[in-house]
């Protein structure tokens, strides 16, 4: 019996490749999470970026705690089962009025993971609206073979290689997924998705959690890591990330350097050039 999703929601996800909105955080929790992020950014004198965006649960305790919350894991379990890894956690911040965008792409074209069941839970920490550049998806595009992509390397593209689906996408079929702060969306790792620039007066802050069954393998990189967040891992295909007790624990920082580099190497496998987007 499902823990939280209705039968209709489960059917929609498997048929269309996405589901939203999910209630995850209350207003007070959103303010706390956003406060943690922006206090760190203020201490650094710049927005979060570079490797700090990637595998962030190894650096920030509040993210490590959040990725294990039932409000995130219960709907994921309803869709792909009780034994769950979180492969990555990643910030998606578009500054107010910025030209940053995400081109149409499918994540599992580049992530080196052998599963069809990876779920991205994208949590809004500020309003994700049409104006601010909420996610757009192409329903049903997770079914069948992955589409061809080309590396475009546009300066404002938030993706590592500026990768973009190289066949025509019918924009009339796209569905927007607007979210209020504290709400989340879920989409399959094979689903085509994109987003436009942020024309609003507020930052568009998203935090994504990438969950997969424990049977998943990394088939491009020689080594990879993931957090065991629910159930048991009977396969051992990933080194489990350590559970941290405070921000920037020295041992976890060292692990983060290795883990984020491994992800970066996979993402740029076969690329003509590398750039500092992660």
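The values are calculated or read from the model by the stated rules, or taken from the named source; none is laboratory data. Quick caveat: nothing in here was measured; it's all calculated off a predicted structure. Positions of Cβ are generated from backbone atoms using ideal geometry, with glycine treated the same way; all protein chains shown enter the neighbour counts.
Regarding residue 253, is this residue assigned to a strand (DSSP E or B) and either closer than 22 Å to residue 82 by Cβ or more than 20 Å from the chain's Cα centre (by Cα) (or both)? When the stated conditions are applied, residue 253 does not pass them. Based on this model, can you work out whether residue 162 counts as touching a strand residue (DSSP E or B) at 6+ places or on another chain (Cβ under 8 Å), on the phi > 0 side of the Ramachandran plot and modelled with pLDDT under 95? Judged against the criteria, residue 162 is a match. Within region 41-52, if we keep just the residues that are in contact with a helix residue (DSSP H, G or I) (Cβ under 9 Å, 6 or more places away or on another chain), part of a helix (DSSP H, G or I) and modelled with pLDDT of 95 or more, the residue that is nearest to residue 135 (Cα to Cα) turns out to be 52.
Criterion first (in contact with a helix residue (DSSP H, G or I) (Cβ under 9 Å, 6 or more places away or on another chain), without any contact (Cβ under 8 Å) to a residue 60 or more places away in the chain and either over 22 Å from residue 116 (Cβ atoms) or not in a helix (DSSP H, G or I) (or both)) does residue 274 satisfy it? Judged against the criteria, residue 274 is a match.
Quick check on residue 157: is it farther than 26 Å from residue 75 by Cβ, touching a strand residue (DSSP E or B) at 6+ places or on another chain (Cβ under 6 Å) and modelled with pLDDT of 95 or more? If you could, list the steps in order and put the result at the bottom.
Values: farther than 26 Å from residue 75 by Cβ: yes; touching a strand residue (DSSP E or B) at 6+ places or on another chain (Cβ under 6 Å): yes; modelled with pLDDT of 95 or more: no.
It is false that residue 157 is farther than 26 Å from residue 75 by Cβ, touching a strand residue (DSSP E or B) at 6+ places or on another chain (Cβ under 6 Å) and modelled with pLDDT of 95 or more.
The residues of region 114-146 that are in a strand (DSSP E or B) and touching a helix residue (DSSP H, G or I) at 6+ places or on another chain (Cβ under 9 Å), listed by number, are 119, 120, 121, 123, 124, 136, 137.
There is no residue in region 65-74 that is closer than 25 Å to residue 154 by Cα and either surrounded by fewer than 20 Cβ atoms within 10 Å (Cβ to Cβ) or in contact with a helix residue (DSSP H, G or I) (Cβ under 6 Å, 6 or more places away or on another chain) (or both).
Can you pull out every residue in region 25-40 that is over 20 Å from the mean Cα position of the chain (by Cα) and either part of a loop (DSSP other than H, G, I, E, B) or surrounded by 15 or more Cβ atoms within 10 Å (Cβ to Cβ) (or both)? Passing the criteria: 26, 40. Taking residues in region 60-75 that are free of Cβ contacts under 8 Å to residues at least 24 places away in the same chain, and partners anywhere that are buried (at least 17 other Cβ atoms within 10 Å of the Cβ) and assigned to a helix (DSSP H, G or I), the pairs with Cβ atoms closer than 9 Å and at least 6 places apart or on different chains are 65/57. Among the residues examined, residue 102 qualifies as closer than 30 Å to residue 199 by Cα, in a strand (DSSP E or B) and modelled with pLDDT under 95.
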